[in-house]
1. Under the √(5λ) rule applied to the eigenvalues of the Cα gyration tensor, what semi-axes describe the equivalent ellipsoid of region 109-233? Give them in Å, descending.
2. By per-residue mean of other Cβ atoms within 10 Å, what is the highest-first order of 31-44, 118-131?
3. With only alpha-carbon atoms in the gyration tensor, what are the semi-axes of the equivalent ellipsoid for region 4-48, in Å, largest first?
4. Sort 184-195, 217-228, 52-63 by the packing proxy (mean of other Cβ within 10 Å over each peptide's residues), most packed first.
5. Which number do you get for Rg(Cα) / (2.2 N^0.38 Å) in region 56-98?
6. Quick check on region 6-97: what are the equivalent-ellipsoid semi-axes from the Cα gyration tensor, as sqrt(5λ), descending, whole Å?
7. Give me the Debye-computed log₁₀ of I(q)/I(0) at q = 0.14 Å⁻¹ for the chain, equal point scatterers on Cα only, no solvent, two decimals.
8. From Cα coordinates alone, what are the radius of gyration and Dmax values for region 67-123 in angstrom?
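Here, each number is a calculation from the coordinates, and none is a lab measurement. Quantities reported herein were computed from a predicted structural model and do not represent experimental measurements. Because the Cβ atoms are built from the backbone with ideal geometry, glycine has one as well, and the counts that use them run over all protein chains shown.
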Amino acid sequence: MPPEPQKATVTDIAKLNEDHTLFTLTPEKPFTFKAGQFLMIQFTDAEGTLTRRSYSIASPPSQNTIELCIRIVPDGKAGKYLSNLKKGDVVQISGPFGHFTVPDGETADVILIGAGTGIAPMRGIYKDLLAKGHAGKVHLFFGFRYISDFLFKDEIEELTAKHPNFIFHPICSRDENWKGDRGHVQSILEKYVPQDGRPKRAFVCGMMKMCQECQTVLEKLGVPAENIKIEGWG
């Protein structure tokens, strides 16, 4: 049986940049999930049609609240609905859904690859792994177009400084003022994924073409296909 919808209160709305917003929800009842899963928000649009949209959970299960990092498309049904939400509003959520999760007790090095809003489930996963004291290394690759799209920059840099096993590789594709690696995230995997014989498990989230190209490179670098999970769209 699919999970029954339940109510959640919008307790915070933080604008991350021009396009992306971080919504914090407090569920009415306990909402148990694993890092990397997603939920669905359902609402009635202006035409009276019941509409559902899925969003990755961008926070770890240890929090009492749920955070969703969403790119708002103003002309879309969901964009119009989300743009009008205010603190204190109540939304209908259901879930959790999905198998984009790290196995319990995992000790292998974990490679997280996200582009654009693909950073959302990665944030839930890396915060969960680091909070639990993951024994292996956690490599985070984050691809974005412009410096303004570098979401959660301060938070990631703070965690990198705090956890020696958390290794971060940002890459920017379009901004001429960016001083780091340039291009698409799949283009730097060979440069940074260690070929040290340690077992590895990888998670890739973003446009499907990017995900497929990353999988090809990862397999070439020795990550078994069964240890690669993809969550793609487009």
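1. Details: eigenvalues 80, 67, 35 Å².
Largest first, region 109-233 gives 20, 18, 13 Å.
2. On the way: 31-44: 19.0, 118-131: 24.4.
Per-residue mean Cβ counts within 10 Å order the peptides as 118-131, 31-44.
3. Values: eigenvalues 77, 63, 27 Å².
That gives 20, 18, 12 Å for the three semi-axes.
4. Numbers: 184-195: 17.2, 217-228: 15.2, 52-63: 19.0.
So the peptides 184-195, 217-228, 52-63, ranked by packing, come out 52-63, 184-195, 217-228.
5. The value comes to 1.30.
6. Taking √(5λ) for each eigenvalue gives 20, 15, 12 Å, largest first.
7. -0.91
8. 15.4, 44
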